[in-house]
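Some notes on the structure that comes next.
The values are calculated or read from the model by the stated rules, or taken from the named source; none is laboratory data. Just so we're clear, the structure is a prediction, and the values are computed from it rather than from any experiment. Every residue, glycine among them, receives a Cβ derived from its backbone with ideal geometry; neighbour counts consider all protein chains shown. All accessible areas refer to the heavy atoms of the entire protein, side chains included, with ligands and DNA or RNA removed. Shrake-Rupley method; radii C 1.70, N 1.55, O 1.52, S 1.80 Å.
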Amino acid sequence: MNIPNPNPTAHFPLPAMPPLVSRSVAVIGAGAAGLSAALELRREGHSVVVYERETQIGGTWAYTPETEIDPMGLNPNRKVIHSSLYSSLRTNLPREVMGFRVYPFVASEKPGRDPRRFPGHREVLEYLRDFAEEFKLGELVRFGREVLYVGLVEDRKWAVRSKKGNGEDGDDEVYDAVVVCNGHYTEPRIAEIPGIDEWPGKQIHSHNYRVPDPFRDQVVVLIGSSASADDISRDIARVAKEVHIASRSVQNGVTGKLPGHDKIWLRPMIDSVHKDGTVTFQDGNEIYADVILHCTGYKYHFPFLKTNGIVTVEDNRVGPLYKHIFPPTLAPWLSFVGLPWKVVPFPLFEFQNKWIAGVLSGRIPLESKEEMMADIEAFYSSLEASGIPKRYTHQMGESQFEYDDWLAAKSGSPSTEEWRKQMYFVTGRRKRSTPEMYRDHWEDEDLISLAHQDFKRHALEVSV
């Protein structure tokens, strides 16, 4: 289905509002989160500099066929490849849901673009480029600048040291505030497997997966149950001898061959591996495997950030953070954008950035340090009482819209559109029931129509 574009340059109205105070703000990263931060901060009247290590915008959406020399990404001195995209990746959200509210992700009429409702990763990058061009954000970005150090200096300001390319000398600049938008799909998390040191096979993390060809005629054990695990297992199965998906979410009784697939098996987690090349699963079954592929997620990683222990990462919990954004002791001068996962990311970035920008200008009051700490402690206690491990602190899922709407109320923005919420849930149900087909067959045309009515209405408001 080809979704019509009501206006290629349409975007939501952006009422100007003079700030109470203009701040100098450094934004770390020019991916989707950093671009949104740059827009909202500048709209609020702040002076913005965006530091981007690569030579283009896009962050994780800037695909590169290059992978790291260390396939597991464990060497701290490795040359880091930022993107974790694989060649065949398509979005698992429809473009209507996925796009920024201020700039809908409608199908472009430009030649060579991907009009599909669930487009490939290259289309997302082109959309981000269109977004940056529409709002003239490129002029705020310093490309090829790797941030080496961010730390407090006198008068509660922040020093940012960066270097260009392979240059050894760093440049120091001082800002009123820093917004961290460096993403969290670069530093791999690895499953701990008994016996792995003696196992003779090859290991790779999905961060370094691009195409299935290297796995031709091999037996692959893939660990994980994420969207990337689903996609990669099917991608590899086109050329591999066998693919075995080991996951905590697979229960005994539902293991075995995946329906509709001759070469994919569902397995419980790995119990151990052995020096003869065998892999033993928790149900006692054993296979010989050539490769273990870890689709086990990523770690939050801020090697440049020095806060004297005020902000820590413990079992993948970045804290203490008020509403996943502000460390109370350093608020509002240090903030984080984009930590929540299992979310619709781009609109969430917008909500977070509007709040940050308004708080920095003084337009939006921020709770006291004591109130923020009390809220964080209550949140952590609720997670513990529910048996939710620390590493899931920033996971949201269905609770994301309550969070988004709380942020919207804080910044005086409209809450999440009802059609967007319903489309998200409908897509999730389709993905679970028809994982092979949900990207190309759907039955929510009524919601699509509501979305495009919204887009047209706002486009008309802008043109008046």
message = Checking the condition within 27 Å of TYR185 (Cα to Cα) and among the acidic types (Asp, Glu), which residue from ASP283, ASP230, ASP276 passes?
response = ASP230
query = Condition test on TYR403, is it under 23 Å from the mean Cα position of the chain (by Cα) and open to solvent by 30 Å² or more (accessible area, probe 1.4 Å)?
reply = no
ask   = So, in the stretch 24-78, of the ones that are small (Gly, Ala, Ser) and assigned to a helix (DSSP H, G or I), which residue ends up farthest from the chain's Cα centre (by Cα)?
value = ALA38
Sole exception among (1) out of contact with any strand residue (DSSP E or B) (no Cβ under 7 Å at 6 or more places or on another chain); (2) open to solvent by less than 30 Å² (accessible area, probe 1.4 Å); (3) under 24 Å from THR60 (Cα atoms) for LEU222, by number = (1)
query = Restricting the search to the stretch 106-134, which residues are assigned to a loop (DSSP other than H, G, I, E, B), within 26 Å of GLU418 (Cα to Cα), touching a residue at least 60 places away in the same chain (Cβ under 8 Å) and not basic (Lys, Arg)?
reply = VAL106, ALA107, SER108, PRO115, PHE118
ask   = Scanning the stretch 165-214 for residues that are assigned to a loop (DSSP other than H, G, I, E, B) and in contact with a His (Cβ under 6 Å, 6 or more places away or on another chain), which turns out surrounded by the most Cβ atoms within 10 Å (Cβ to Cβ)?
value = THR186
query = What residue, of PHE143, PHE135, is farther than 18 Å from ILE448 by Cα, open to solvent by less than 60 Å² (accessible area, probe 1.4 Å), of a type in the set (Phe, Trp, Tyr) and touching a strand residue (DSSP E or B) at 6+ places or on another chain (Cβ under 9 Å)?
reply = PHE135
ask   = Do we have GLU367 as touching a residue at least 24 places away in the same chain (Cβ under 8 Å), open to solvent by 20 Å² or more (accessible area, probe 1.4 Å), more than 24 Å from VAL50 (Cα to Cα) and among the charged types (D, E, K, R) here?
value = yes
query = Considering the stretch 43-58 alone, what residues qualify as being closer than 24 Å to VAL174 by Cα, crowded, with 18+ Cβ neighbours inside 10 Å and not hydrophobic (A, V, I, L, M, F, W, C)?
reply = ARG43, GLU44, GLY45, HIS46, TYR51, GLU52, ARG53, GLU54
